[in-house]
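**Student:** Sharing a structure below in structure tokens format, with a few things to ask.
Coordinate-derived values only; no laboratory data. These figures come from a predicted structure and were not determined experimentally.
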Amino acid sequence: MLFDTHVHLNDTAFDEDLVEVIERAKENDVTKMLLSVSIKKRSNAPLN
């Protein structure tokens, strides 16, 4: 079993072939992926 601990499948680089990328991972015994995301701070104002 392989577990990819840091994928960025939400990147626009995968817009065209996301399904194929995931299928290739499955074919190569990757059974789990951890999607790494971040939220960019757009303002210095406090959240209300």
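**Student:** Show me, for segment 20-31, the HN-Hα J-couplings you get by feeding each phi into the Karplus relation (A = 6.51, B = -1.76, C = 1.60, θ = phi - 60°), rounded to Hz, glycine and proline as x.
**Tutor:** Once θ is set to phi - 60°, the couplings for segment 20-31 become 5, 4, 5, 4, 5, 4, 4, 4, 9, 6, 7, 9 Hz.
**Student:** Taking amide H positions as placed 1.01 Å from N in the peptide plane, with prolines and chain starts having none, which residues 5 or more places from residue 9, or on another chain, fall under 5 Å of its amide H?
**Tutor:** Distant-sequence amide H within range of residue 9: 36.
**Student:** Using 0.36 nm times the number of residues separating residue 14 and residue 32, minus their current alpha carbon distance, what extension gain do you get? Intermediate values should be presented prior to the final figure.
**Tutor:** Values: separation 18, 0.36 × 18 = 6.48 nm, distance 1.78 nm.
Stretched fully, the residue 14-residue 32 segment lengthens by 4.7 nm.
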